[in-house]
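The values are calculated or read from the model by the stated rules, or taken from the named source; none is laboratory data. Small disclaimer: the values here were computed from a predicted structure and weren't measured. A quick note on method: Cβ atoms are made from the backbone with ideal geometry, for glycine too, and the neighbour counts reach across all protein chains shown.
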Ligand SMILES: [Cu+2]
């Protein structure tokens, strides 16, 4: 039989009419959550600091990010605190003996004896004097995990000023990148300004097991060294013969001291004449005075130090103030085999703060050197949008150029280093052209702050023409303002509340109690007492649910459609039956 299109339409209307009936619902109104004060995205106080300049004879590259490194500090890091004017020194927080550079032993125009002084600093720790943390270091809006870091020896107060308790700019996470030159004699002097024993282990850096005086030099209390006790000092002596990207870290209670932040990059630069290297890169990111060897091959250089934190561990120093209690809580009660990393940082900060100081600024047709380091305890898989980088070195050792590989995801195990080259030629392979190209961990928890997305170690490679006058990306997507609030990171703001033209908020959950599973929550106009909901659920369970309505409607519809298609046969049967009745 030929089916008329009207027959099919009629059948479909009957089949779906019942399901349409149950989808008619009255939703409760959306409410809007007050997200409180939105921080200024970039305070833009340091416009002069962004410019390329020369201080104390030190050439300092332009740094277009929102929060550039202080040029006076760069000059001190390159020349040493002993070779600069008092005025320049006073424009930094360095102690006068923080970096001593002297003795051009090979006569090649740069110093060969480098004395670096490190202290151990607690950030966001318990204060004995008031109800708050001190000194504070926010990894994202109002997120303040307790941290320990190696820090350059500082002068004066631990705080930035008298009016706040935020840490001075030298006291921050991560522990600073340290740069020395191949063949230098380096005395790494640890002044233990902390309440626990620590050491320094030089991971991957060429160093003798014992120093000239016969003392242990490997930083491992169980095999070579004594602890450096609170108030004591120790000098680690190295004369690195091999260049590369290496690591230094504490080797006392390593399973927690490294996680607390006592780990940083130690970079040995290739030997060149007149090669004054930037001894510290505080806070990582752009190296504003790259070494001679780097400038032979690259236009700019960035240190990317990734870390992750379990808030259970990092809150111990905020909840307890007695070192004996902290030792008990941290070394015996805390179990890192049960740990979950809650915070994921790049150069000590999480998104959105990474946008202020850990962006990579690009221009077309340039070569960018990246030193990537993972100091978390899990694998990472960093992905660059819009670019494929060539991994030139693993753990500081250069690959044969023929076997160097190009990728767009860079796996990096704990403690590993990838040296990478990003070439910004727009050829569809190295780069897809200018833009704001984010880069982030593809282990997805890495892009959250305690499970709130976006957050974590996300940052961006931003082409100059996409940067605004204060060094923030000129994003053309969604507004990022809500991410600069405490409320967002406290999990209080609905994630799509501020989407223009949609305004998807949240239902008023005051006094709201979850109904039993069978109840029709979607059609309620307001919260009802649990007893009423339960009664309704009982009635619904007798076959009045949306699903059962649909099934019944479907069966009835099919039956009606079959009857409709066979209506002529049925009519004939009925006529036949009537005829038979008459004949009786
Ligand atoms: Cu330690």
Some residue of the stretch 183-200 being part of a strand (DSSP E or B) and under 25 Å from the mean Cα position of the chain (by Cα)
no
Across the stretch 95-122, which residue is nearest to residue 174 (Cα to Cα) among those that are touching a helix residue (DSSP H, G or I) at 6+ places or on another chain (Cβ under 9 Å) and either at pLDDT below 95 or in a strand (DSSP E or B) (or both)?
122
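I want to confirm something. Restricting to the stretch 226-246 and keeping residues that are closer than 29 Å to residue 124 by Cβ and more than 12 Å from the ligand (Cβ to nearest atom), which single residue is surrounded by the most Cβ atoms within 10 Å (Cβ to Cβ)?
236
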Residue hits (the stretch 172-209; away from the ligand (no atom under 16 Å from the Cβ), touching a strand residue (DSSP E or B) at 6+ places or on another chain (Cβ under 6 Å) and without any contact (Cβ under 8 Å) to a residue 60 or more places away in the chain) are 207
Does residue 219 satisfy the condition of being at positive phi and assigned by TED's automatic domain parsing to the domain that holds residue 307?
yes
Pairs under 6 Å by beta carbon, first residue within 16 Å of the ligand (Cβ to nearest atom) in the stretch 135-162, partner at pLDDT below 95, six or more apart or different chains?
none
Of all residues in the stretch 252-266, how many are within 11 Å of the ligand (Cβ to nearest atom), within 22 Å of residue 395 (Cα to Cα) and surrounded by 21 or more Cβ atoms within 10 Å (Cβ to Cβ)?
6
Based on what the data block shows, is residue 41 more than 30 Å from residue 182 (Cα to Cα) and either without any contact (Cβ under 8 Å) to a residue 24 or more places away in the chain or not assigned by TED's automatic domain parsing to the domain that holds residue 171 (or both)?
yes
Per-region count, the stretch 158-175, residues touching a helix residue (DSSP H, G or I) at 6+ places or on another chain (Cβ under 9 Å) and within 30 Å of residue 272 (Cα to Cα)
1
Restrict the check to the stretch 41-59 and report whether at least one residue is assigned to a loop (DSSP other than H, G, I, E, B) and surrounded by 22 or more Cβ atoms within 10 Å (Cβ to Cβ).
no
Out of curiosity, is residue 473 touching a residue at least 40 places away in the same chain (Cβ under 8 Å) and under 26 Å from residue 373 (Cα atoms)?
yes
What do you reckon, is residue 294 out of contact with any helix residue (DSSP H, G or I) (no Cβ under 9 Å at 6 or more places or on another chain), within 24 Å of residue 116 (Cα to Cα) and not in a helix (DSSP H, G or I)?
no
Only residues that are part of a strand (DSSP E or B) and over 18 Å from residue 430 (Cα atoms): list them for the stretch 394-413, please.
394, 397, 398, 411, 412
Condition check: under 17 Å from residue 180 (Cβ atoms) and either outside the structural domain of residue 130 (by TED's automatic domain parsing) or within 16 Å of the ligand (Cβ to nearest atom) (or both). Does residue 249 satisfy that?
yes
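Results for (1) within 23 Å of residue 301 (Cβ to Cβ); (2) not in a loop (DSSP other than H, G, I, E, B), shown as yes or no for each residue.
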| position | (1), (2) |
| --- | --- |
| 429 | yes, no |
| 433 | yes, no |
| 440 | yes, yes |
| 445 | no, yes |
| 454 | no, no |
| 460 | yes, yes |
| 465 | yes, yes |
| 469 | no, no |
| 476 | no, no |
Scan the stretch 76-86 and give yes if some residue there is within 16 Å of the ligand (Cβ to nearest atom) and in a loop (DSSP other than H, G, I, E, B), otherwise no.
no
Among the numbered criteria (1) more than 16 Å from the ligand (Cβ to nearest atom); (2) on the phi > 0 side of the Ramachandran plot; (3) touching a residue at least 12 places away in the same chain (Cβ under 8 Å), which one does residue 214 miss?
(3)
If you go through the stretch 519-537 one residue at a time, do you hit one that is touching a helix residue (DSSP H, G or I) at 6+ places or on another chain (Cβ under 8 Å), at pLDDT below 75 and surrounded by fewer than 14 Cβ atoms within 10 Å (Cβ to Cβ)?
no
Taking residue 425 as meeting all but one of (1) touching a residue at least 12 places away in the same chain (Cβ under 8 Å); (2) within 30 Å of residue 242 (Cα to Cα), write down the number of the exception.
(2)
Among (1) within 22 Å of the chain's Cα centre (by Cα); (2) within 16 Å of the ligand (Cβ to nearest atom), there is one condition residue 284 misses while meeting the rest; what is its number?
(2)
Return yes when residue 303 is assigned by TED's automatic domain parsing to the domain that holds residue 182, surrounded by 19 or more Cβ atoms within 10 Å (Cβ to Cβ), in contact (Cβ under 8 Å) with a residue 24 or more places away in the chain and assigned to a loop (DSSP other than H, G, I, E, B) and no when it is not.
no
Scan the stretch 328-349 for residues that are buried (at least 16 other Cβ atoms within 10 Å of the Cβ), touching a residue at least 40 places away in the same chain (Cβ under 8 Å) and over 14 Å from residue 450 (Cα atoms) and report the count.
5
